[in-house]
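Just below is one structure, and these are the notes that go with it.
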Amino acid sequence: MRDGIRLFTAVYVPKDTSEARPILLTRTPYSVRPYGPESYIQNPTPFRDRYFRERYIIVFQDVRGRYMSEGTFVDVRPYRPIKKGSWDVDETTDTYDTVDWLVKNVPHNNGRVGVSGISYGGFYSSMAAIDAHPAVKAVSPQAPVSRWMGGDDFFHNGAFLLSHAFDFYIGFGRPRPLPVKETWPKFDHGTPDGYEFFLRLGPVKNANVRYMKDSVAFWNEMSRHWRWDRFWQERDVLPHLRNIRPAMLFVGGWFDTENLWGALNGYAEVERWNPGTSNQLVMGPWYHHQWGSDSGYTLGSFEWGSPTAAFFIDSIEVPFFRYHLEGKGNPRSFEAAVFLTGRNEWRFLGSWPPHDADSMKIFLGGQGRLSFHSLIEIPPAFDEYVNDPATPVPYTDEIVHWYNHAFMVGDQRFASRRPDVLTYQSEILRDDLTLAGPIDARLFVSSSGTDCDWIVKVVDVFPDDTPEPDPNPRGVKLGGYQMLVRGDVLRGKFHSSMSEPRPFIPGKITPIDLRLQDIYHTFKKGHRLMVQIQSSWFPMIDRNPGKFINIFNAEGSDFQKTTQRVYHSTRFPSFLRVNVERSVGAAAP
């Protein structure tokens, strides 16, 4: 690199040198292993295997400060728009210097470079597109880390994703003073039951006291920066997606807990600020990184009817790189390639969200009703429940210690039967209803405490006579199944500002707004639409003590029961604003 640091880079070059080939680069903090000139990848993922067969020059690099690379690692290293000298580096300069070295030193390359990566690798891919080297012609940020305090990974609207952050940083965050080949040790929870483990853990501060013991620097940084401030602002990728020259292909999964937000919003920002740049979005029915690890045929209890990940790689991703790196073929012309769940079909659209969609309000009403037309005012004017941090609502009914990917399509009947979950349900749908794009919840609420979480879930309720799948190894009962389609959380103290949190005034009715991330789903004729509201989602989300406090400093004595109310009167109407697609059209070939 320009500052003299050396980054460990593994280069796989085709034996056939009769034709100059493009370079495909992936930069990762997760190791380029196996190491050594005689060590080769034994079981390539579908992504890697396809490009080996395409005879690309495949390059993997340990990023600065990780595994065998020199230097110091910085989580989501901030971009420096003004470089003051060769010592002033960031991920854009490391990518530029890497590409420059590759095109000058790797024989038989054609001078064109593509960059791709998933999750943290998606972050490094986004960085590659900023101030890009002239040889970089195509970039695909996939499930990219982009704004950790906003909607990615460890914080959703100010709420801390406890189990995900703990299980990740207990290993990943360990210090690495010198280059090493070993991976981080697997943490022993002592129980397969994550709900029980994190309940025993107690307040979040105990994670550091009992296990990390100040050895994980970024955990302590998150604890100090518990609200939006300069620390998080510097790590926000989106404002820097300007003057983008390479062709862009953003990829995400509808059921990605970690980085759905990054894919959707990264695409939107490039679209907004770079009108002349080729920019496309792909959203499949996948959990985090599923398209890079299996065929994408199933998720949890559901089969999609086709190997969706294989289709993406063969029909979208490979043609994208082939066209921009080789000048061959005719890639599909689309703005957004999106999988329509419910109908289980790919659609190739001219915009995302689609232009042919009408805004509509869905009102919460008395006696657990949902109305698509107007508020049904049935006394009393509110529903209430008691939220007890000692018995939080689980995010899944399965016993898992690492978060369960399939919970994003999980059956919510276990939750709707709890007294601390409010459930609102429509009448049986007379026609198909396709929702496309973001869902905005406007709720009028109150709490007996000074802080609380608000979780909103959108659920597809299957008819009671829905047949079971065949084969059915999981023993799934689809009759009456309550399929989670989308859910998200708002930490109440941030209801008006992420940088200036405010306490609730106990008992005072307060409007809150929560944008749920985009969906593309058909609620089929004969189904019902359901909305669930709750104040805990454990241990995916840490427990809110019901008290206005920096949650990382909370003591066990700070946790208290609170009474939550959701209002649905003419004066205080609670509703969801959705986009209803007018005409779905035919499935894409």
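Every read-out reported here was derived from the displayed coordinates using simple, explicitly stated rules and does not represent laboratory data. Not measured: the values here are computed from a predicted model. Cβ placement follows ideal geometry from the backbone for every residue including glycine, while neighbour counts extend to all protein chains displayed.
Using a/c under 1.5 as the rounded threshold, could you call segment 325-408 rounded, prolate or oblate? The axes a ≥ b ≥ c are square roots of the C-alpha gyration tensor eigenvalues, and prolate needs a/b larger than b/c, oblate otherwise. Judged from the Cα gyration tensor, segment 325-408 comes out oblate (a/c at least 1.5, b/c at or above a/b). Rg/Rh for segment 113-261 (Cα atoms only, Rh after Kirkwood) is 1.01.
With contacts taken as Cα pairs under 8 Å and at least 6 residues apart, segment 203-310 reaches a relative contact order of 21 percent.
When each of Asp488, Asp420, Asp431 is scored by the number of other beta-carbon atoms lying within 10 Å, the sequence from fewest to most is Asp431, Asp420, Asp488. When each of the peptides 54-61, 467-474 is scored by how many other beta carbons lie within 10 Å of its residues on average, the order from highest to lowest is 54-61, 467-474. Taking every lysine pair in segment 357-581 that is 8 or more places apart or spans two chains, those with Cα atoms closer than 20 Å amount to 13. For a paramagnetic label modelled on Leu199 (point 7 Å from Cα along Cα→Cβ), amide N atoms under 19 Å away belong, within segment 137-165, to 162-164. Shown for segment 85-157 is the translational diffusion coefficient from the Stokes-Einstein equation, using the Kirkwood radius over Cα pairs, a temperature of 25 °C and a viscosity of 0.890 mPa s: 186 µm²/s. Note on segment 56-206: with charges restricted to the Cβ of Lys and Arg (+1) and Asp and Glu (-1), its dipole about the Cα centre is near 260 debye. DSSP beta bridges confined to segment 357-581 are antiparallel in about 95 percent of cases. Working from label points 7 Å from Cα in the Cα-to-Cβ sense, the Ser295 to Arg442 distance is 4.7 nm.
For Asp488, the residues whose modelled amide H falls within less than 5 Å of its own, excluding neighbours fewer than 5 places apart on the same chain, are Val456. Counting only residues at least eight positions apart within a chain, or on another chain, the lysines with an alpha carbon under 21 Å from that of Lys137 are Lys104, Lys328.
Once the Cβ-Cβ distance of Phe548 and Val386 is raised to the sixth power relative to R0 = 30 Å, the FRET efficiency obtained is 0.95. If you wrap segment 461-589 in the convex hull of its Cα atoms and look at it from every side, the mean projected area works out to 13.4 nm².
FRET efficiency for the Ala20 to Arg53 pair, using the beta carbon distance and R₀ = 22 Å, is estimated at 0.80. Ordering Asn344, Val103, Gln532 by Cα displacement along the dipole of the chain toward the positive end leaves Val103 in first place; charges were set at the Cβ atoms of Lys, Arg (+1) and Asp, Glu (-1).
Computed on segment 156-196, the Cα convex hull volume stands at 98 Å³ per residue.
The residues neighbouring His324, those whose beta-carbon lies less than 12 Å from its own, together hold a net charge of +3 under the Lys/Arg +1, Asp/Glu -1 convention. Segment Thr191..Val580, full-extension length gain: 135.6 nm, with 0.36 nm per residue of separation and the alpha-carbon distance subtracted. Kirkwood's formula applied to the C-alpha pairs of the chain gives a hydrodynamic radius of 25.1 angstrom. For segment 570-577, putting each phi into the Karplus relation 6.51 cos²θ - 1.76 cosθ + 1.60 with θ = phi - 60° gives couplings of 4, 6, 10, x, 9, 7, 10, 9 Hz, in residue order, rounded to whole numbers and with x for Gly and Pro.
Fully extending the segment from Glu377 to Glu38, taken as 0.36 nm per residue of separation minus the present Cα-Cα distance, adds 114.8 nm. With the crude spin-label approximation of a point 7 Å out along Cα→Cβ, what separation in nm comes out for Gln233 versus Val11? Taking the simple label geometry, Gln233 and Val11 are separated by 4.2 nm. If r is the Cβ-Cβ distance from Lys524 to Gln367 and R0 is 30 Å, what FRET efficiency results, to the nearest 0.05? Rounded to the nearest 0.05, the efficiency is 0.75. Relative contact order, whole percent, for segment 357-581 stands at 37, derived from Cα pairs under 8 Å and 6 or more residues apart.
Spatial offset of segment 221-285 relative to segment 396-439 amounts to 27 Å, using the alpha carbon center of each.
Modelled this way, with points 7 Å down the Cα-to-C-beta line, the labels at Gln560 and Lys213 are 3.6 nm from one another. Hydrodynamic estimate: the Kirkwood radius of segment 357-581 over Cα pairs, inserted into Stokes-Einstein at 4 °C and 1.567 mPa s, corresponds to D of 71 µm²/s.
Dividing the helix sum by the residues of the chain, where each DSSP H run of 4 or more adds -39500 (n - 2.57), gives a mean residue ellipticity at 222 nm of -4500 deg cm²/dmol.
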